[in-house]
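Worksheet: the structure to be examined is printed underneath.
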Amino acid sequence: MIAPPKQFQQKATAFRALHQQDGIFVIPNPWDAGSAKILESLGFKALATTSAGLAFSLGKPDGHASITRVQTLENARSIIESTSLPVAADLENGYGDDPSSCAETIRLAAEIGLAGGSIEDATGNPAVPIYDFNHAVERVKAAVQAAKDLPVPFTLTARAENLIYGRPDLKDTIRRLVAFADAGADVLFAPGLKTRQEVEAVVKAVAPRPVNVIMGLSGSDLTLDILRDIGVKRVSLGSSFIRAAYGAFFRAAEEVLQQGTFTFANDAKPYSELNTLFNKQL
C-alpha cells in the first residue's frame, strides 16, 4: 500500500485516540455527504457510515447483501471528502465469506482514507444468518492482520450479530466477542443489547478493550450517562438518524396527501440555513 496522505494518518491517529481517552463518545452515522456535514457542524468528533442508511437511501433493504463493496466504499469516500472528521465504516461481513475477503476489504477501506471499520459475523444469508464460531474468529483474525500491516493505525471493530438475527443467546454472543478480542480486534460490538445487565456483562467480559453500544433502537431506556458509568467507550446510532429523517418525510408527505395541508413546513429546516451550511468549504 502506498504511504497515505498526511491528513489520513492524522485522522486515523485522532480516531484511535478517542478510544484511549477517558469517558465516552458518540459516533453518529451519516448516510451521505450532506448528513455528514450537518453532524460535523453540530460538534461530533468522528463519524461512521451505516449500511442500513446507505441501503435505504438507494431504495434497497439492509441485511441481505444488497449493497456491494464498491457501493459502500464510494459512499464512504463521499463522506470522507465532505468532512474534516475521522470516518469509520460499516463494512458488513467484509463482502465475502472467506477470511481473505475480510482482509482485502480492510486494505481497500484504508486506501480511501477510512480511519476504521467493522467486520461482522452475519453472513447476509437469511437461511444461515451467522457464521459458525471458528470461521467467524478466523475472519476477524484475517482482518486484524490486514489492519496491522497498514501504515496507519486503522481501528478495527469486530461485531457479533446474534441478537439482531433471531438468536437471543447472550452467552454465545459474549463468547464470540471475547474470541474476537483475543484475536486482536480493537473494539467490540454486539448490536441488540438492551438492558444495563447485558451491557455490563459485555463490558466486563472483554475489558479492557473498548465496547461500542448502538442506541436509537426501540425498547431501551439507557442513557449516555448510564452507559458511561457502565464503562462503555463508544456509542453509535446506526440507522436511527436516517429513520428519524424519513419519519419526518413520511409525516410531511402524508399530511399533504391525506389532509391537503402544509403545516409540516413550520418545522422544516430553513432553506437559507442549509444553503449556508453546505456552502462552507473544508
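The values are calculated or read from the model by the stated rules, or taken from the named source; none is laboratory data. Note that the structure is a prediction, hence the values are computed from the model and not measured. Cβ coordinates were reconstructed from backbone atoms using ideal geometry, including for glycine residues, and neighbour counts include every protein chain displayed. Accessible surface is based on the protein model in full, side chains and every heavy atom, while ligands, DNA and RNA are left aside. Shrake-Rupley method; radii C 1.70, N 1.55, O 1.52, S 1.80 Å.
Details
- Listed by first and then second residue, the pairs with beta-carbon distance under 7 Å, at least 6 apart or on different chains, first residue in the stretch 220-239 and over 13 Å from residue 191 (Cβ atoms), second surrounded by fewer than 13 Cβ atoms within 10 Å (Cβ to Cβ), are 228/23.
- Checking each residue in the stretch 74-99 for being under 17 Å from the mean Cα position of the chain (by Cα) and either of a type in the set (Lys, Arg) or within 23 Å of residue 190 (Cα to Cα) (or both) picks out 76, 77, 86, 87, 88, 89, 90, 91, 92, 93, 94, 95.
- Residues of the stretch 95-128 classified as under 17 Å from residue 176 (Cα atoms) and small (Gly, Ala, Ser), total: 2
- Residues of the stretch 164-194 classified as at pLDDT below 95 and over 24 Å from residue 62 (Cβ atoms), total: 0
- Within the stretch 193-208, being in a loop (DSSP other than H, G, I, E, B) and in contact with a strand residue (DSSP E or B) (Cβ under 8 Å, 6 or more places away or on another chain) holds for one residue alone: 193.
- Close pairs from the stretch 262-282: first open to solvent by less than 100 Å² (accessible area, probe 1.4 Å), partner modelled with pLDDT of 95 or more, Cβ under 6 Å, at least 6 apart: 264/252; 264/255; 277/41
- Where helices (runs of 4 or more DSSP H) sit wholly within the stretch 32-147, those with at least 2 residues that are touching a Leu at 6+ places or on another chain (Cβ under 8 Å) occupy 33-42, 69-82, 99-111.
- Hits in the stretch 60-77 - residues which are surrounded by 15 or more Cβ atoms within 10 Å (Cβ to Cβ) and either acidic (Asp, Glu) or closer than 20 Å to residue 45 by Cβ (or both): 62, 76
- Applying the condition of being open to solvent by 20 Å² or more (accessible area, probe 1.4 Å) and basic (Lys, Arg) to the stretch 150-201 and asking which residue is farthest from residue 131 (Cα to Cα) yields 196.
- Any hit, the stretch 134-144, residues being under 16 Å from the mean Cα position of the chain (by Cα) and buried (at least 22 other Cβ atoms within 10 Å of the Cβ): no
- Pairs linking a residue in the stretch 6-21 that is surrounded by 17 or more Cβ atoms within 10 Å (Cβ to Cβ) to a residue that is among the acidic types (Asp, Glu) and modelled with pLDDT of 95 or more, with Cβ atoms under 8 Å and 6 or more positions apart or on different chains, are 16/186; 19/186.
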